[in-house]
Structure formats: structure tokens, C-alpha cells
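Data block below; observations after.
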Amino acid sequence: MPGRDADTGAERPRPARKEGGGTAEGMGLARPAGTAQTQAAGDRTDGLIQEAVRRENLMAAYRRVVQNGGAAGVDGMTVEDLMPYCRQHWPAIREQLLNGTYRPQPVRKVEIPKPSGGVRTLGIPTVLDRMIQQALLQVLTPIFDPTFSDGGFGFRPGRGPLDAVRRAKAHMAAGQRWVVDMDLEKFFDRVNHDVLMARVARRVKDKRVLLLIRRFLQAGMMEGGLSSPRTEGTPQGGPLSPLLSNVLLDDLDKELERRGHRFVRYADDCNVYVRSKAAGERVMVSLERFPREKLHLRVNRDKSAVARPWDRKFLGYSVTVHREAKLKVAGESVKRLKAKLRGILRPGRGRSLVAVCRQLAPLIRGWVGHYRLAEVKGVFEELDGWLRRRLRSIVWRQWKRPRTRFKELCRRGLEVARAAASAFNGRGPWWNAGASHMNEALPIRWLRMLGLVSFVDEHRRLANS
């Protein structure tokens, strides 16, 4: 990376110093000759490209890209290859960035299934382009984020999905017992580049940065060895996409604020809370018109609705019908989790339960961490029982023959007559896994010794932390 800052002369490299898995000078990142005076981010938007390629900013971007990992782009370069590549090529790349001639490579098209059906299209940039995007993100965020609406929560520093859920519950507690659940149709695929860039240009004056962002937006999408140009959309997969989506949708947030609505938006999911169905219908009509006329976006009426909050879900949560609504895990979220767990458990017949439990642990902890706000705890107890039964079913299958099952049940303390009746009952693994003989032979304490994480215990731990 750079051997000098934009505003300083070249400097002879100093002894290498470890930083973020590599050496600063090893990437061409020499320290500037003098210390620049710190300026507010909003006062230097006409020289943002120099700020972006500043040594400290680039090293922070490099560390973040390496930390995030991720798949290679169209050039096949991995995050492990990034440092050696930059040692050799960064001076030329830096010069291209400074003079406005840098051109990103096409993104690699990847399609992943959506939980609700269909596919979501991702565009995976090369690791070099991811680092450059991350460097831009780090200098653009302090400029844009303070100007964003208080009702927007997605992809913002210091905010997260749980904060959005808390805000939604507060609106319901204030008497807003109807929700306008608005879904933008294929938002990330339909973003109008001209509309978006006009909003970026309101606060960014450096034409090199504006040109670079537009080139990232228009970089082709590679599929099957062929690159197709993009005239709209900002595919998910690059570090800049979340910020750009907030820049565009902040206009919608500001319009909702101007009208005095109580709302919560996370990415392209927007909920407006009102007091009556009639008010919700009026809001829905006006909300359909504003994105279409001002942002060139369409509302998906099939997925949008005016309904009671307990009939909808937001970020995987729903609520009870009580006057003081309690947060609970939405039923669809439980179904998706079980489907994911089945994928791990299905090949378990040829593996030890210790290995299975080790693979399950981070998934369980991450899932419970997202639903730590849930006040209805029965779902965690149900999931614990379901998972224990699945594991006992694996063991029953691993024992295979009735004679082996008989011996194992006796070895685990069952009486001979009962062990024989259970082993030769002719019923399937799922039935036996839920029967009393398997619950006694493989008790909860035994499963926990293998490393099984309890949904209930993890939720209790997080709730008390």
C-alpha cells in the first residue's frame, strides 16, 4: 500500500513493524513525514480520496477484510494473498485511485436461497476491491451516519437489530397497536444509480470518490465466465452496499419523521406503527407513492400489509396479543432453525456425538443471542427437548441391531427385562428416542457432558448478563 500520503513527499521505509497480521511497510504503508491537523470529516469531503488512502485508514481496512474472510472474487485471490499482492502492486493502484483512473473488477454472482422462498443475489467483489470499499466506508460513515434518521437501525455503528426490536416494542407499548409492514420489492436489485449518486453528492464533493463509487455500482457481474453490465442495483456482498442503501432510504425515513409517524427501519424492512386500521391504510397508500415517485422504488404489496403486530414478524420476532405485548420468537424463525439443525444432524450416524455437539454449540449460542429479548420462553424449552430427542435418535441408529441395543441399554442401568422389551420393540428411531428407556439411558446430564448447549440455559445466561 502507499509509500506516502497524498499531501506528503515519499519517505524512505522504516524498519518493519507488525500490525494486523502483516507489516505496515511490507504493504508500502510508510508513515507520513509530518502529523496532519485533525479536521472534522464534514470539512474535508473535497479531499476524501486522500483520506481514504491514508496509511492508518488502509491498515484498518485491511485488518477488517482479513477478519471478515469470505470467498474470493472473480480473480480467485484470497484474503491470505492480499498482503503479498499489495506489496508488489499497491503504489500503482494508489496512483490510479488518486488520479481517478482506477476501475474495479466485476463482482462474482452468487445466489443463496431465501428463507421465504426464491433466491437472494450476492455480488462478491475481489478482496482488493473489498479493501478499497472498506477504506471508503471508514471515511464516509462519519460524514453520513450523524445525519441519518433516528428511526433507521440497519448497518449503523452502535446500533443493531436488537435496538430496532426494542424501539418497535416501545411504539406498541405507547398504544400503536397496528403496524404498516412495508417491503420494498427487490430493493438491492432495483436501486437507481442516478438517484443514489445525487444523494451521495449532497455531502461528498470529491469527484474522484463519486466516480469511484459509481464505478463500483456499475462493475459488471460475472456468471459462467461472462460479465454483464449493471445499470441499476447495488448487490449485497461489498462493504459499501449497506451504507449506500441507508443513504438512499434515509429520504424515506425523513419523510416519515416529517409526517410525525412512529416507525422503525432496518435495511429495507420498514414498520410504521399507528393506532387504527384506517390510519394504517392511509399510510400504506402514501408510502407506496413516495418511494415510487422520489426514489424509483416499488413497494411489494404481496409482502406488505396493514395488520396487528402479532400477525406479522420483524427481524425474526413477533409479539403476544396482550395489551402489554411480550416479545416472542416468530414461528417461521423456529422452522428455519430446525431445518438448519437437521442439516447438521442428518449425517450424524457416522460421527461421534461430541463432534456433533461441538458443531451445534456456536449455532445455538448465536441464535439465542439474537433472540435474547424474547419474553416468552416456552420455545427455548421446546427446542431443547426436540434437539435432545434428535440426538438420542442418532444414538439409536448407531446401535443398529436389537442385540446391540439390548446390551447398551443394560450397560446404562436398565433392568434386563425392560431392556429386552425396549430393544426388540420393532419401532423406529424417532419413537424410541422419545420413549422413557432412552431418556433414562441417555439422560440430560450425559448429553451436557458431551458438550450440548441448552437453549434455556443460554437464554437465561444472556438475560442476566
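The values are calculated or read from the model by the stated rules, or taken from the named source; none is laboratory data. This one's a predicted model, so the numbers in the text were calculated from it and none came from an experiment. A quick note on method: Cβ atoms are made from the backbone with ideal geometry, for glycine too, and the neighbour counts reach across all protein chains shown. Note: areas computed on protein heavy atoms with side chains; ligands, DNA, RNA excluded. Shrake-Rupley method; radii C 1.70, N 1.55, O 1.52, S 1.80 Å.
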- Message: Under the √(5λ) rule applied to the eigenvalues of the Cα gyration tensor, what semi-axes describe the equivalent ellipsoid of segment 346-407? Give them in Å, descending.
- Response: 29, 14, 6
- Quick one: pull the percent of accessible area on the chain belonging to carbon and sulfur, 1.4 Å probe, ligands and nucleic acids left out. 49
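Below 8 Å, C-alpha to C-alpha, sequence gap of six or more: please give me the relative contact order for segment 64-183 in percent.
Normalised by residue count, the contact order of segment 64-183 is 22 percent.
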- Using only C-alpha positions, report the orientation-averaged shadow area of the convex hull of segment 423-465, nm², one decimal. 3.9
- Whether segment 78-124 is rounded, prolate or oblate, judged on the alpha carbon gyration tensor where a/c under 1.5 counts as rounded: oblate
- Query: With Cβ to Cβ distances under 11 Å as the rule, what net charge do the other residues near G378 carry (K, R +1; D, E -1)?
  - Reply: -2
- Note on the structure: Taking a crude spin-label model, label points 7 Å out from Cα along the C-beta direction, the L162 to V416 distance in nm is 5.6
- Query: Rounded to the nearest whole Å², what accessible area per residue is found for the chain with the 1.4 Å probe?
  - Reply: 49
- Item | Projected-area mean, segment 93-212, by convex hull of Cα positions, square nanometres | 10.0
- Which peptide among 176-184, 94-102 comes first, and what is the full order, when sorted by highest mean count of other Cβ atoms within 10 Å? 176-184, 94-102
- Task: Give me the Debye-computed log₁₀ of I(q)/I(0) at q = 0.10, 0.14 Å⁻¹ for segment 262-420, equal point scatterers on Cα only, no solvent, two decimals.
- Result: -0.59, -0.86
- Query: For segment 282-368, what is the convex hull volume of the alpha-carbon atoms per residue, in Å³?
  - Reply: 157
- Item | For Q236, distant residues with modelled amide H under 5 Å away | G123
- Net charge of Cβ neighbours under 12 Å - reference W431; Lys, Arg +1; Asp, Glu -1: +3
- Roughly speaking, what is the centre-to-centre gap between segment 102-146 and segment 213-276 when only Cα atoms are used, to the nearest Å? 12
- Message: From the Cα trace of the chain, what convex hull volume per residue do you get, rounded to a whole Å³?
- Response: 195
